[in-house]
Every structure is written in structure tokens, then in C-alpha cells.
Amino acid sequence: MEFRLSDEEEAFQTAVRRFGDRVLRTHERQIDAEGEIPDDVRHAMAELGLLAMPVSTDYGGMGASAVLTELAAEEVGRGDSSMATAVFFLLEAGWGYIFDRFGTEEAKREVLPSVCAGKAFLGVASTEPTGGSDLAGMHTTSHRDGDGFRIRGEKAFVSGVEEAKKLGGGHLTLTRSPPEGFNFLYVPTRRDGISTQKFVNMGRMGISTGGLSYQDARVPPRYLIGEEGKGFGVAMQGFSFARSLVAAACIGAAERALETGMAYIKERMAFGRPLGKFEGIQFELVDLWTQVEAVKWQCRRAAWLLDTYTLKGDHSHRSEVDRAVASVKLMAPPIAFEAVKRVMMWFGAAGYTKDVGLELGFRGVMSYLVGAEGGLNIMRIIIGRELLGKEFVPYK
Ligand SMILES: Cc1cc2nc3c(=O)[nH]c(=O)nc-3n(C[C@H](O)[C@H](O)[C@H](O)COP(=O)(O)OP(=O)(O)OC[C@H]3O[C@@H](n4cnc5c(N)ncnc54)[C@H](O)[C@@H]3O)c2cc1C
């Protein structure tokens with residue numbers, strides 16, 4: 001058992017951390033204020049190979065492993081603690097991988113190079129106005145119609161709707177394919193029969209969230225991802241990858257908050273001594289650091305499991321992979337939120353200001369507590385199902 005990063009992984013991590021320090025930290029306030037990731041930041045990410053990095057080199061990616069992608073997610077979350085850049089990063093990575101693995105050759109050649117170059121957006125659309133947790137209960141349909149599919153329905157709370165309109169690109173869209181089964185389809189946003197709506201979020205302002213409405217929108221057969229009628233399982237593999245990256249980005253944000261807090265409590269004096277000398281503060285730091293460290297290594301293990309089994313098409317360890325991924329998505333967001341909140345409190349009144357900047361992480365990490373990439377109770381349901389058996393799932 002080897003608990004060390006390889007030389008290649010360490011070198012890559014160092015390069016992405018340097019990028020995070022030099023580019024993301026210096027832009028995070030602008031990203032939050034202006035509501036978008038500036039073109040030069042996106043292009044710099046593309047140059048470093050960070051966009052859709054697991055996509056194979058044939059289509060413009062770097063064919064990165066899940067472990068390498070996980071390390072990058074940590075650094076992107078540490079660099080822009082608003083989480084906007086991390087969301088952009090992880091959507092392109094997770095769903096770019098799925099497109100590469102299950103898309104048709106023609107569609108991959110058409111779409112993926114622009115996504116990897118930062119010239120088009122790629123995300124996922126599964127949630128509907130009636131709910132996101134009960135995916136099997138969705139209403140949006142896709143019917144075979146002439147040469148292609150006709151889509152009717154509505155998606156909600158979808159990340160990157162504005163980006164896909166502005167840059168081009170679209171979403172891998174989960175639809176019901178009557179009488180039974182699901183089609184997973186790449187749906188470009190700039191298409192007849194599609195209208196969009198923008199939602200106003202409280203955080204991660206640099207990436208939009210919105211609704212998509214499909215009024216008999218048509219897509220060609222080459223946009224089918226995986227086999228017809230079998231899209232649900234493909235989408236679940238994408239969620240596994242994306243959830244492990246969400247957790248990694250939260251770990252990066254938590255480490256950044258703790259580093260900020262440690263520097264502060266070594267200097268800030270109260271009652272004639274630095275705050276860090278008071279056990280009330282020091283022990284909080286130790287408890288948080290311990291939890292962050294534990295989840296970080298579980299994240300890396302989840303990525304290793306994905307590399308070793310799922311991403312190779314080997315589902316013999318599905319239960320172990322599902323438990324590992326769901327456990328990090330369950331633990332990382334609340335721990336990151338707690339770390340950011342505690343450090344804000346160490347700063348006292350200054351922690352409540354935008355100057356210190358911890359509120360960026362406070363608002364950003366919250367998105368993963370309310371539900372982005374799956375609610376915490378859904379992670380509990382997945383782990384419970386794997387521990388006790390399917391008959392203990394509390395719904396049909
Ligand atoms: C900022 C942001 C970005 C997002 N981006 C995307 C995106 O790009 N694409 C996309 O498709 N979706 C996206 N989502 C939506 C996200 O996937 C959903 O929020 C999530 O799946 C939960 O669905 P819901 O919000 O409809 O909540 P509901 O399904 O209505 O659930 C509400 C609450 O009840 C809990 N709950 C549900 N069922 C159970 C149960 N059986 N037992 C116990 N508790 C339960 C949930 O955990 C949640 O806390 C995004 C969400 C946010 C906040």
C-alpha cells in the first residue's frame with residue numbers, strides 16, 4: 001500500500017497550485033462580482049490542460065486519471081474559494097470523460113476539442129422543477145422521430161446555461177424514453193425549440209444556474225451517449241466521477257480557510273497572547289484539520305477506485321466505489337463549510353467583511369450542502385443501500 005503521490009502527480013499538483021495562487025486567487029473577487037469566469041482565466045486553464053482533462057488526447061484532452069483530476073480539483077477549489085471555477089472545472093472533467101467514453105466518434109470530434117480548449121461549455125442536465133433527488137421520476141421525454149430524437153420537457157437548477165449560450169456547447173441531458181428506459185443525449189443549448197431561464201443564486205456567482213425548456217427540440221442520433229434506453233446507468237457513472245471531484249474541491253476550499261486561519265491566530269493578540277495559544281481556538285483547528293485530512297485521503301482513495309475499476313469498465317467493485325464516492329460527497333461539503341465558518345469566527349468582526357474574503361467560500365460551499373451533484377441524504381441512501389441491501393432503500 002502506497003500513501004504517497006508519484007513524482008508526476010506531485011509535479012502536476014505543484015503546477016496547478018502555482019496556477020491557483022497566481023491566477024485564481026487574484027481573480028476570485030472579480031469572478032464573484034462580475035458573474036463570470038474571465039476569458040483569460042478560462043484560456044489559461046485550457047493551456048495548462050485543466051479543461052476536461054480526463055478526455056483522451058485524440059480529442060484535445062490530456063487523458064488524465066481520476067487521481068490526477070482529483071488533485072487538480074483540490075487546487076482549483078483552493079484557488080477560487082467561491083467554487084465557481086471548481087464547478088466549471090469538475091463539470092467539464094466528469095461529463096467530458098463520459099462523452100469521451102460513451103459518445104459517438106462523430107460527436108466527439110465535433111464537440112470535445114472546443115470544450116478542452118475552453119471555447120465551448122459542457123455540463124449535465126438531470127434535475128427538473130419537480131425535483132432532482134428522485135431522478136427516475138423525471139418527466140422530460142425523448143422520442144425517436146425521423147432521423148433523431150425529439151425532446152419535450154423542462155430542466156431546472158442546471159449549471160452553465162448562460163455559459164453554453166454565450167460560448168456554445170450544451171448539456172448531457174437525461175430524458176425518459178417511453179415506454180421504459182432513459183436516453184442520455186448531448187443537447188446543444190443554441191438550438192431551435194430550446195429556451196432558457198436564469199436563476200439568481202446566493203453564491204458561486206461566476207457560473208450561472210438556470211432552467212432549460214425543450215419544446216420539441218430535435219437532436220441527431222450521433223448525440224446519443226451510450227446505448228438507446230440505457231442512459232440512466234451512464235449518467236450515474238458521470239455522477240460518481242463528478243461527486244468525487246466536488247468533494248476534492250471542498251477539501252481545497254477547507255485547506256485554504258485553515259491556512260488563512262492559522263496565519264491569523266499566530267498573529268492576532270487577545271488578553272496579551274496570540275489567539276492560537278488558547279486551547280479553545282487551537283483545539284478547534286486540530287479537530288478541523290484532522291477531519292479534512294481524513295476526508296482528503298478518502299477522496300484520493302475514491303479516485304483510485306474509479307481509476308482501478310469503474311473507468312476501466314470493470315464494475316466488479318461497484319459497491320465499494322459507490323460507498324467511497326458517496327461517503328466523500330457526504331462528508332467533504334459539511335466539513336469545508338464548518339472550516340470556513342469557524343475561521344470566519346476566529347477573525348471576529350473582520351471575518352464578516354468582504355475584505356477577508358471567507359464569505360466567498362461560505363456562499364460557495366453551501367451549494368453542495370443544499371444539493372448540487374446530489375443532496376446529502378441521497379448520499380446516505382446510497383451508502384445505506386450498499387451496507388444493508390436494496391430492500392432497505394426507503395422508496396421504490
Ligand atoms: C448551485 C446548484 C447547481 C446545480 N447544478 C446542477 C446541474 O448542473 N445539473 C443538474 O441536473 N442539477 C443541478 N443542480 C440540482 C441538484 O442536482 C439538485 O439540487 C439535487 O439533485 C437535489 O434536488 P432538489 O434540489 O430538487 O431537491 P429535492 O429532490 O426536492 O430534495 C429536497 C431535500 O430533500 C432531501 N431528500 C430527497 N429525497 C429524500 C429521501 N428519500 N430521504 C431523505 N431526504 C430526502 C434532499 O437531500 C434535499 O435535501 C444544482 C443545484 C444547485 C444548488
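Bear in mind that the values in this text are calculations on the coordinates, not laboratory data. Everything numeric here is computed off the predicted structure, so don't read it as measured data. All Cβ positions, glycine included, derive from the backbone under ideal geometry; neighbour counts span all protein chains shown.
Seen against the Cα atoms of the chain and their longest principal axis, helix 358-370 is set at about 40 degrees. Normalised by 2.2 N^0.38 Å, with N the number of residues, the alpha-carbon radius of gyration of the chain equals 0.97.
For the stretch 1-89, the list of chymotrypsin sites (Phe, Trp or Tyr not before Pro) that fall in a loop by DSSP and count at most 14 other C-beta atoms within 10 angstrom reads PHE3. The loop-placed chymotrypsin sites (Phe, Trp or Tyr not before Pro) in the stretch 204-313, going by DSSP, that have at most 11 neighbouring Cβ atoms within 10 Å of their Cβ come out as PHE271.
For the stretch 90-192, state which trypsin sites (Lys or Arg not before Pro) are in a DSSP loop and have at most 13 other beta carbons lying within 10 Å of their beta carbon. Sites meeting the loop and neighbour criteria: ARG190, ARG191. If you fit an axis through the alpha-carbon atoms of helix 7-19 and take the longest principal axis of the Cα set of the chain, what angle between them do you get, 0 to 90°, nearest 10? Helix 7-19 and the main axis of the chain meet at about 80 degrees.
In the elastic network of the chain, a GNM with C-alpha springs shorter than 10 Å, the most mobile of VAL328, VAL124, VAL234 is VAL234.
Taking other C-beta atoms within 10 angstrom as a stand-in for reagent exposure, LEU48, LEU112 fall in the order LEU48, LEU112, fewest first. Computed from Cα atoms, the angle from the helix 376-388 axis to the main principal axis of the chain rounds to 80 degrees.
I'd like the distance separating the alpha-carbon centroids of the stretch 305-324 and the stretch 1-46, in whole Å. Cα centroid to Cα centroid, the span is 28 Å. Taking other C-beta atoms within 10 Å as the exposure proxy, MET269, MET366 rank MET269, MET366 from fewest upward. Taking the centroid of alpha carbons for each part, the stretch 65-90 and the stretch 194-254 are 16 Å apart.
If exposed GluC sites (Glu not before Pro) are those in a DSSP loop with at most 10 other Cβ within 10 Å, what is the longest stretch of the chain that has none? With GluC sites (Glu not before Pro) excluded where exposed in loops, the chain gives 181-396 as its longest stretch. Applying a threshold of 18 Å to the alpha-carbon distances of LYS198/LYS341; LYS165/LYS198; LYS108/LYS155 flags LYS198/LYS341; LYS108/LYS155 as lying beyond it. Counting neighbouring beta carbons within 10 Å and listing from fewest to most, the residues SER81, SER195, SER213 come out as SER195, SER213, SER81. Positive-end ranking of LEU369, TRP95, GLY77 along the dipole of the chain, with charges on Cβ about the Cα centre, is headed by LEU369. Calculated mean residue ellipticity at 222 nm for the chain: -17500 deg cm²/dmol, from DSSP H runs with n ≥ 4 weighted as -39500 (n - 2.57), summed, divided by the residue count and rounded to 500.
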